[in-house]
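**Student:** I am attaching a structure below and will ask some questions about it afterwards.
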Amino acid sequence: MSVIYEPGRVFNIVIINSLRATGDARFPVQIAMVSEWCFGLPLAWFLGLKLHWGLPGIWIAMMTEEWVRGLIMYRRWTKRSWLKYAYQSRAQVTAAIIPVVPEA
């Protein structure tokens, strides 16, 4: 199961940190919370407890939630919805640069 789970987790880490690097930090946090509480947890309950799959059912729910969240983040990346945050971040950084004046 780890063979399927780990690529999804790494995919998430790379995409989420890429979005954060552009200044788009709020969206990944919101999607992570919604995904985990509204998708991952109910799926883990259903597969693990309701269908009596136990721990393998919970692992399947975790894998599914990681991959779904990763695909949502990938879609955000490819649609370039993060560009406005990148421009805002760049404007803040360039505005904060203080020119160094050499002493005479």
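The values are calculated or read from the model by the stated rules, or taken from the named source; none is laboratory data. Since we're looking at a predicted model, the values are computed, not measured. Please note: Cβ atoms are built from the backbone with ideal geometry, for glycine as well, and neighbour counts cover all protein chains shown.
**Student:** Look through A91, A32, A25 and report the one residue that is of a type in the set (A, V, I, L, M) and over 11 Å from the mean Cα position of the chain (by Cα). Spell out the reasoning first.
**Tutor:** Details: A32 fails: over 11 Å from the mean Cα position of the chain (by Cα); A25 fails: over 11 Å from the mean Cα position of the chain (by Cα).
None of the other options fit; the residue is A91.
**Student:** For the list (1) closer than 19 Å to Y85 by Cβ; (2) without any contact (Cβ under 8 Å) to a residue 60 or more places away in the chain; (3) aliphatic (A, V, I, L, M), I need the number of the one condition that L41 fails.
**Tutor:** Of everything listed in (1) closer than 19 Å to Y85 by Cβ; (2) without any contact (Cβ under 8 Å) to a residue 60 or more places away in the chain; (3) aliphatic (A, V, I, L, M), L41 misses just condition (1).
**Student:** How about the chain: which helices (runs of 4 or more DSSP H) wholly inside it have at least 2 residues that are among the basic types (K, R), surrounded by 15 or more Cβ atoms within 10 Å (Cβ to Cβ) and modelled with pLDDT of 90 or more?
**Tutor:** Where helices (runs of 4 or more DSSP H) fall fully within the chain and carry at least 2 residues being among the basic types (K, R), surrounded by 15 or more Cβ atoms within 10 Å (Cβ to Cβ) and modelled with pLDDT of 90 or more, they are 2-21, 55-79.
**Student:** Here's something else I'd like to know. Restricting the first residue to segment 11-37 and requiring it to be at positive phi, which pairs with a second residue that is at pLDDT 95 or above meet a Cβ separation below 9 Å and a spacing of at least six or different chains?
**Tutor:** Listed pairs, sorted by first residue: none to list.
**Student:** Is it the case that A44 is closer than 20 Å to V3 by Cβ and among the hydrophobic types (A, V, I, L, M, F, W, C)?
**Tutor:** Values: closer than 20 Å to V3 by Cβ: yes; among the hydrophobic types (A, V, I, L, M, F, W, C): yes.
Yes.
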